[in-house]
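To keep things clear, I will list the structure first and then write my remarks on it.
The values are calculated or read from the model by the stated rules, or taken from the named source; none is laboratory data. Source: prediction; values computed, not measured. Every residue, glycine among them, receives a Cβ derived from its backbone with ideal geometry; neighbour counts consider all protein chains shown.
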Amino acid sequence: MYDFDWSSIPGALPFLWDGMKISLEITVSAVIFGVVWGTLLAMMRLAPVKPLAWFAAGYVNLFRSIPLVMVLLWFFLIVPQLLRSFFNLDPNTDVRLTSAMIGFALFESAYYSEIIRAGIQSVPKGQVAAASALGMTYAQAMRLVVLPQAFRNMVPLLLTQAIVLFQDTSLVYMSALADFFGAAYKVGDRDGRLVELLLFAGAVYFFICFAASQLVRRYQKKLNAHVAH
Amino acid sequence: MISIDNVSKHYGSFQVLTDCTTQVKKGEVIVVCGPSGSGKSTLIKCVNGLEPFQSGNIIVDGISVGDPKTNLSKLRSRVGMVFQHFELFPHMSITDNLSIAQEKVLGRNRDEARAKGLKLLERVGLKAHADKFPGQLSGGQQQRVAIARALCMDPICMLFDEPTSALDPEMINEVLDVMVELAQEGMTMMCVTHEMGFARKVANRVIFMDKGQIVEDDSKDAFFGAPRSERARQFLAKILQH
């Protein structure tokens, strides 16, 4: 029988918390960037201007057809060099976090744009007609009438995607960036207590994601009740 | 005010409108009727450019709708439109529904827009509902708000696209009452509707459409007295039977 020894965890908590902050930073920045860029992509894809629609479709299909791990790996290999040459950074500056954020943001935008596109299409066409008939431009109709309704319907899906994204941030461990998972791995490796640390990390991920998805469900119920009104 | 001249429209090979020509003078009330699929809704949506058309001309208050150089948004802000399914903005209160376009399109300030909205809400008898949301109102009430919303823009004419077709029977009259009042005040109106009672009461002319063509374009009395076309006679016989 394996002999569990949890004693290395309490002392490592500050280090693990630093890792959690990195995971959350990546998640939050990717969600914000992903929603903004994803909205633009979705609007391009629905635009009557063909080249814009093609560009958006190409972007989305590209990122949805390659594994996240590979995207991240490319970004770890390419982006640090680009950043260094663009901004004349010292070769020792650590840009792994920045490149991770950029990689996640660009990747997640593709998924967000599909959610947002479905959300925009779920708003009845008559709403745009009514906004146009009142003299609003296409941009005003989108901003004032379509997107607010689309986002209200989409919030549960966007949050669910954010939960998946939070779990996926653990993939940055391969760049030796100490996110929560990476930090747990390092501590476990150092103390020879990998099993305990990974169990602990798994429990934390589970707790956070399960609690978050329960909140999303509750919000969804409230939303449905409101719509049925 | 509105001049429609030889307008044709097709979706691919399907011809929706064929050589439609008619005029609406200032202060006139025109009722457009016809069987479903006859192109009447499409025609009225061409008037404010919500539907593009391939040939012919539509001139509204001296401005050509089909001209690519025309600022359609500006023109639409002066032409009121009421839709079959109301199309109030469900995420905004009634007050905001009434004031948003006044503020964002006409540039009126908030107080001015609200005051105007409330005044018109009172006119359609719904002042007490100003702070509610569209989902809390009945269909008839929503349509009256939609009419008030269009009137807030001080339109030079009003287009109605089957304003009562989606309503329960007991709600039709409250909407028609508002429309009759509007007509009697001299508003220029083009109404796609099957409400022949409304046509009899206030229309100057009745246009009958079938298969994308204007088959009859007559004074009200001539149309209800003796329609010239067999198709219009059949249509009237069917809808006036009961």
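Scan the stretch A:134-142 and give yes if some residue there is part of a helix (DSSP H, G or I), touching a strand residue (DSSP E or B) at 6+ places or on another chain (Cβ under 9 Å) and at pLDDT 95 or above, otherwise no. No - not one qualifying residue is present in the stretch A:134-142.
Mind checking which residues of the stretch A:53-110 are part of a loop (DSSP other than H, G, I, E, B) and either over 28 Å from residue A:163 (Cα atoms) or aromatic (Phe, Trp, Tyr) (or both)?
Here is the first cut: in the stretch A:53-110, the residues part of a loop (DSSP other than H, G, I, E, B) are A:65-67, A:88-95.
Matches in the stretch A:53-110: A:88, A:89, A:90, A:91, A:92, A:93.
For the stretch B:33-60: of the residues being away from every other protein chain (no Cβ under 14 Å) and assigned to a loop (DSSP other than H, G, I, E, B), which is surrounded by the fewest Cβ atoms within 10 Å (Cβ to Cβ)?
First, the residues of the stretch B:33-60 that are away from every other protein chain (no Cβ under 14 Å): B:33-40, B:43, B:53-59.
The next check asks that each one be assigned to a loop (DSSP other than H, G, I, E, B); those that pass are B:34-39, B:53-54.
Values: B:34: 25, B:35: 16, B:36: 9, B:37: 13, B:38: 24, B:39: 22, B:53: 22, B:54: 11.
Ranking the qualifying residues of the stretch B:33-60, first place goes to B:36.
Can you tell me which of (1) facing chain B (nearest Cβ under 10 Å); (2) closer than 30 Å to residue B:70 by Cα is the one residue A:151 doesn't meet? All conditions pass for residue A:151, except number (2). With the requirement that a residue be crowded, with 19+ Cβ neighbours inside 10 Å, more than 7 Å from every other protein chain (Cβ to nearest Cβ) and not small (Gly, Ala, Ser), what does the stretch B:76-89 give you? B:79, B:82, B:86, B:88, listed by residue number.
The listed residues are B:103, B:112, B:122, and the only one of them that is surrounded by fewer than 17 Cβ atoms within 10 Å (Cβ to Cβ), acidic (Asp, Glu), more than 11 Å from chain A (Cβ to nearest Cβ) and over 25 Å from residue B:167 (Cβ atoms) turns out to be B:112.
Remark: pairs (first residue in the stretch A:110-135, free of Cβ contacts under 8 Å to residues at least 24 places away in the same chain; second residue crowded, with 24+ Cβ neighbours inside 10 Å and of a type in the set (Asp, Glu); Cβ separation under 9 Å; 6+ apart in sequence or on different chains) = A:124/B:87; A:126/B:87; A:127/B:87; A:129/B:87; A:130/B:87; A:131/B:87; A:133/B:87.
For the structure I just gave you, tell me whether residue B:183 is part of a helix (DSSP H, G or I), within 14 Å of chain A (Cβ to nearest Cβ), crowded, with 16+ Cβ neighbours inside 10 Å and within 13 Å of the chain's Cα centre (by Cα). For residue B:183, the condition - part of a helix (DSSP H, G or I), within 14 Å of chain A (Cβ to nearest Cβ), crowded, with 16+ Cβ neighbours inside 10 Å and within 13 Å of the chain's Cα centre (by Cα) - is not met. Look at residue A:65 and say whether it is small (Gly, Ala, Ser), surrounded by fewer than 17 Cβ atoms within 10 Å (Cβ to Cβ) and under 13 Å from residue A:111 (Cβ atoms). For residue A:65, the condition - small (Gly, Ala, Ser), surrounded by fewer than 17 Cβ atoms within 10 Å (Cβ to Cβ) and under 13 Å from residue A:111 (Cβ atoms) - is met. Summed over the stretch A:195-229, residues that are touching a helix residue (DSSP H, G or I) at 6+ places or on another chain (Cβ under 9 Å), within 14 Å of residue A:16 (Cα to Cα) and of a type in the set (A, V, I, L, M) total 4. If the condition is being buried (at least 21 other Cβ atoms within 10 Å of the Cβ) and under 21 Å from the mean Cα position of the chain (by Cα), then the stretch A:117-153 contributes A:117, A:119, A:120, A:150.
Within the stretch B:17-32, the set of residues being out of contact with any helix residue (DSSP H, G or I) (no Cβ under 8 Å at 6 or more places or on another chain) and either aromatic (Phe, Trp, Tyr) or part of a strand (DSSP E or B) (or both) comprises B:18, B:19, B:21, B:22, B:23, B:24, B:30.
Evaluate the following for residue A:131: is it closer than 21 Å to residue B:75 by Cβ, more than 9 Å from chain B (Cβ to nearest Cβ) and out of contact with any Phe, Trp or Tyr (no Cβ under 7 Å at 6 or more places or on another chain)?
On the way: closer than 21 Å to residue B:75 by Cβ: yes; more than 9 Å from chain B (Cβ to nearest Cβ): no; out of contact with any Phe, Trp or Tyr (no Cβ under 7 Å at 6 or more places or on another chain): yes.
Taking the combined requirement at face value, the residue does not satisfy it.
A quick yes/no check of all residues on (1) basic (Lys, Arg); (2) more than 22 Å from residue B:142 (Cα to Cα); (3) touching a residue at least 12 places away in the same chain (Cβ under 8 Å):
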| site | (1), (2), (3) |
| --- | --- |
| B:169 | no, no, no |
| B:172 | no, no, yes |
| B:203 | no, yes, yes |
| B:222 | no, yes, no |
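Taking (1) surrounded by fewer than 17 Cβ atoms within 10 Å (Cβ to Cβ); (2) part of a helix (DSSP H, G or I); (3) within 14 Å of chain A (Cβ to nearest Cβ) in turn, residue B:165 satisfies each apart from (2). Give the residue that is nearest to the other protein chains (Cβ to nearest Cβ), with candidates limited to residues of the stretch A:154-176 that are under 29 Å from residue B:86 (Cα atoms) and not β-branched (Val, Ile, Thr). For the stretch A:154-176, the residue satisfying everything is A:154.
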